[in-house]
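S.K.: Just passing along the structure, written as structure tokens.
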Amino acid sequence: MEAAGDAVFRLDAQGIVLRASRRSTELIGPDVPLIGQPLASLILGADQASLDTAVSRALEATQPGKANVRLKTHGSALWVELQISSYSNALGEPELLAVGRDISGQQATEERLRHMATHDALTSLPNRSLLSDRIRMAIAQSRRTGHGFAIVALDLDGFKKVNDALGHPVGDALLRVAAMRLSDTLRDVDTLARVGGDEFVAVLAGAVSEAEVQSIARRMIATMQLPFDIQGHTLYVGTSIGAAIFPEHGDSEVKLLAHADTAMYRAKETGKARCVVYNKQKFTQPEHDVSMEAAMFQAVRDGEFLLHYQPIVDARSREIMGFEALMRWSRPGIGMVPPTQFIPMAESNGLINLLGAWVLKAACMQIRQFQEIAGRPLYVSVNVSPRQFRNDQFLDLMDEAIALSGLKGHQLLLEITEGILMSDPEHAETLLTEMAARNVRIAIDDFGTGYSSLAYLKRFPIATLKIDRTFIKDLPTSVKDAAICNVVLSLASHLNLSTVAEGVENEEQLQYLAKHGCGLVQGYLTGRPLLPEEIIELLKAGQPMRAATAFPQ
């Protein structure tokens with residue numbers, strides 16, 4: 001016992017200290033009586049139950065009992081791992097030997113890791129994971145008490161201009177100060193989380209009325225309108241706020257966040273620097289649309305959304321080069337809901353960010369599985385909506401999807417429309433440059449149906465043009481469609497861009513496109529959209545990776 005580097009205690013069966021090693025005395029303090037005292041009296045009260053369990057196990061079983069407890073030492077507490085063994089003394093009576101190893105450093109490391117997993121690295125605020133947990137707790141408590149709570153979503157008006165003009169270090173410093181200011185406006189029972197970029201979400205706990213929400217929001221707006229002195233710069237930003245109250249504006253985490261987000265965008269559209277509380281009558285569509293919107297939230301929770309994959313094939317060899325991921329909604333009792341019905345609604349109510357993040361991650365994981373079965377590289381094409389593209393978290397979500405799946409950057413093709421590029425060219429240029437730095441490729445979807453300006457082809461790092469099906473369906477008989485396709489193919493060739501023709505449905509169209517230099521095609525001729533398990537079944541059957549023989553026509 002004296003030679004041991006750990007604290008060692010000899011105990012009787014009741015846990016009374018019979019003898020303590022010198023190391024024990026050094027840790028606990030020479031003035032603290034040990035002999036004749038219960039070992040439990042040396043342990044913090046909150047950990048005594050763990051000690052009791054370990055003692056019982058040592059007495060009742062052959063293996064030692066273990067417990068991580070805090071030992072009272074010199075007025076403070078030290079984490080030790082106690083290992084307690086039982087044995088019989090010379091009189092045949094049961095006794096215990098407790099060995100305490102100092103694990104305070106290990107506990108501190110684990111605590112730091114737990115904090116990192118649940119808190120934002122830049123601001124030390126709770127992150128999205130901890131926010132989700134707090135919202136679920138608030139919902140459970142509200143259902144018990146009958147008192148509601150509020151979700152507040154906000155971002156910083158003008159932050160992007162500051163970040164672009166002065167750089168990320170200034171932007172990061174601004175976010176840290178903004179986080180502190182916002183935290184100071186809230187009560188101790190509230191939670192403020194940073195969910196990405198300059199976006200924050202607050203959970204206003206307890207019974208709060210719309211008037212109280214507006215009062216708190218006014219404090220937030222006022223504090224954000226004060227000047228920020230950041231690294232020698234005097235900066236001005238504001239905030240737009242949206243709020244949703246449980247249960248009036250949503251009975252789930254997904255609904256509350258989406259409705260608060262929708263209200264925030266309404267605040268931006270109607271003048272910024274204000275708070276808008278979600279209003280069903282003002283924000284929702286006719287009764288049919290309201291019903292469908294409710295069904296969409298339910299569908300997210302119940303996993304009714306799924307992905308189909310349509311082959312993208314080489315126009316000459318018909319070898320499959322990749323797949324486009326297409327979101328579908330299988331609604332129980334109704335069947336497949338056309339994307340033209342639910343995608344615009346998801347865009348307007350904010351669900352598109354949640355659905356888009358899921359599509360991105362799921363598609364990357366799925367294409368990796370296809371690659372492993374096929375035994376060769378393939379790429380996946382994913383559509384990006386305007387609201388996703390404006391989301392400051394989009395790059396992080398893309399990075400996460402690539403990292404989790406193990407894909408190479410060039411094996412992900414993101415499809416955007418011309419309208420997205422031209423609505424905010426500066427933002428588009430910044431984001432696309434970041435994507436190109438990761439080798440992620442960008443395709444212009446429905447090329448030729450949007451803006452007539454071609455300046456963006458020179459300005460932005462575009463890799464692919466997707467020729468819209470409206471120019472394909474009457475090939476090769478339509479002289480006008482043929483002329484448009486020829487111009488697009490020639491333009492792409494001279495700009496070193498790849499091309500994909502959509503909606504190819506017959507052999508004549510395919511032959512014309514291949515002859516005139518179109519690289520890739522997709523359509524019912526070369527393969528309908530299929531469920532992942534259907535594609536996997538065909539791949540496992542050893543069919544060649546050629547659309548004409550391997551995939552349903």
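S.K.: Regarding segment 254-275, can at least one residue be identified that is under 21 Å from L174 (Cβ atoms), surrounded by fewer than 16 Cβ atoms within 10 Å (Cβ to Cβ) and either β-branched (V, I, T) or without any contact (Cβ under 8 Å) to a residue 40 or more places away in the chain (or both)?
M.R.: no
S.K.: Among the residues of segment 21-32, is there at least one that is surrounded by 15 or more Cβ atoms within 10 Å (Cβ to Cβ), at pLDDT 85 or above and among the aliphatic types (A, V, I, L, M)?
M.R.: Among the residues of segment 21-32, not one is surrounded by 15 or more Cβ atoms within 10 Å (Cβ to Cβ), at pLDDT 85 or above and among the aliphatic types (A, V, I, L, M), which makes the answer no.
S.K.: At least 1 residues that are in contact (Cβ under 8 Å) with a residue 12 or more places away in the chain, touching a Ser or Thr at 6+ places or on another chain (Cβ under 8 Å) and under 30 Å from F159 (Cβ atoms) in each: list the helices (runs of 4 or more DSSP H) lying fully within segment 400-497 that qualify.
M.R.: Numbers: elements: 418-423, 425-437, 455-459, 479-494.
So the answer is 418-423.
S.K.: Name every residue in segment 115-169 that is among the β-branched types (V, I, T) and either in contact with a Ser or Thr (Cβ under 9 Å, 6 or more places away or on another chain) or modelled with pLDDT under 95 (or both), in order of residue number.
M.R.: T118, T123, I135, I139, T145, V162
S.K.: When segment 388-399 is examined, which residues are found to be closer than 23 Å to Y456 by Cα and not in a helix (DSSP H, G or I)?
M.R.: Hits for segment 388-399 are N391, D392.
S.K.: Next question. Which numbered condition trips up A46, out of (1) at pLDDT 80 or above; (2) surrounded by fewer than 17 Cβ atoms within 10 Å (Cβ to Cβ); (3) under 30 Å from I135 (Cα atoms)?
M.R.: (1)
S.K.: Continuing with the same structure: For segment 367-376, indicate whether the set of residues that are surrounded by fewer than 21 Cβ atoms within 10 Å (Cβ to Cβ), modelled with pLDDT of 90 or more, among the β-branched types (V, I, T) and not assigned by TED's automatic domain parsing to the domain that holds F159 is non-empty.
M.R.: yes
S.K.: Can you tell which of A428, A443, A437, A463 is within 25 Å of F389 (Cα to Cα) and surrounded by fewer than 14 Cβ atoms within 10 Å (Cβ to Cβ)?
M.R.: A437
S.K.: Of the residues that sit in segment 191-224 and are over 18 Å from A244 (Cβ atoms) and not small (G, A, S), which one is nearest to the chain's Cα centre (by Cα)?
M.R.: So the first thing to find is which residues in segment 191-224 are over 18 Å from A244 (Cβ atoms), and the list is 194, 196-198, 219, 222-224.
Adding the requirement that they be not small (G, A, S) leaves 194, 198, 219, 223-224.
Numbers: R194: 12, D198: 15, R219: 29, T223: 29, M224: 27 Å.
Once the filter is applied, the top-ranked residue is R194.
The rows are residues; the columns are (1) modelled with pLDDT of 90 or more; (2) crowded, with 18+ Cβ neighbours inside 10 Å; (3) touching a Leu at 6+ places or on another chain (Cβ under 7 Å).
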site	(1), (2), (3)
S56	no, no, no
N68	no, no, no
W79	no, yes, no
I84	yes, yes, yes
G92	no, no, no
T109	no, no, no
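S.K.: Every residue in segment 148-200 that is in contact with an Asp or Glu (Cβ under 8 Å, 6 or more places away or on another chain) and among the basic types (K, R), please.
M.R.: Result: K160, R194.
S.K.: Right, something else. Pairs under 8 Å by beta carbon, first residue under 17 Å from E434 (Cβ atoms) and not assigned by TED's automatic domain parsing to the domain that holds D392 in segment 153-170, partner in a helix (DSSP H, G or I) and of a type in the set (S, T, N, Q), six or more apart or different chains?
M.R.: Listed pairs, sorted by first residue: D164/T430.
S.K.: Considering segment 1-54 alone, what residues qualify as being out of contact with any helix residue (DSSP H, G or I) (no Cβ under 8 Å at 6 or more places or on another chain), of a type outside the set (A, V, I, L, M) and closer than 16 Å to D102 by Cβ?
M.R.: Passing the criteria: S21, R22, R23, S24, T25, E26, G29, D47.
S.K.: If you take the residues of segment 406-427 that are at pLDDT 90 or above and of a type in the set (A, V, I, L, M), which of them is farthest from F394 (Cα to Cα)? Give the derivation first.
M.R.: Looking only at segment 406-427, we keep the residues that are at pLDDT 90 or above, and these are 406-416.
Next, only the ones that are of a type in the set (A, V, I, L, M) stay: 407, 412-414, 416.
Values: L407: 17, L412: 14, L413: 14, L414: 12, I416: 13 Å.
If we take residues in segment 406-427 being at pLDDT 90 or above and of a type in the set (A, V, I, L, M), then L407 is farthest from F394 (Cα to Cα).
S.K.: Any residue at all in segment 38-48 that is in contact with a strand residue (DSSP E or B) (Cβ under 8 Å, 6 or more places away or on another chain) and hydroxyl-bearing (S, T, Y)?
M.R.: no
S.K.: Only one of (1) part of a helix (DSSP H, G or I); (2) under 19 Å from T123 (Cα atoms); (3) touching a residue at least 60 places away in the same chain (Cβ under 8 Å) is not met by R181, so which one is it?
M.R.: So R181 meets the others, but not (3).
The values are calculated or read from the model by the stated rules, or taken from the named source; none is laboratory data. What you are looking at is a predicted structure, and each value in this text was computed from that prediction instead of being measured. Ideal geometry is used to build each Cβ from the backbone, glycine not excepted, and the neighbour counts take in all protein chains shown.
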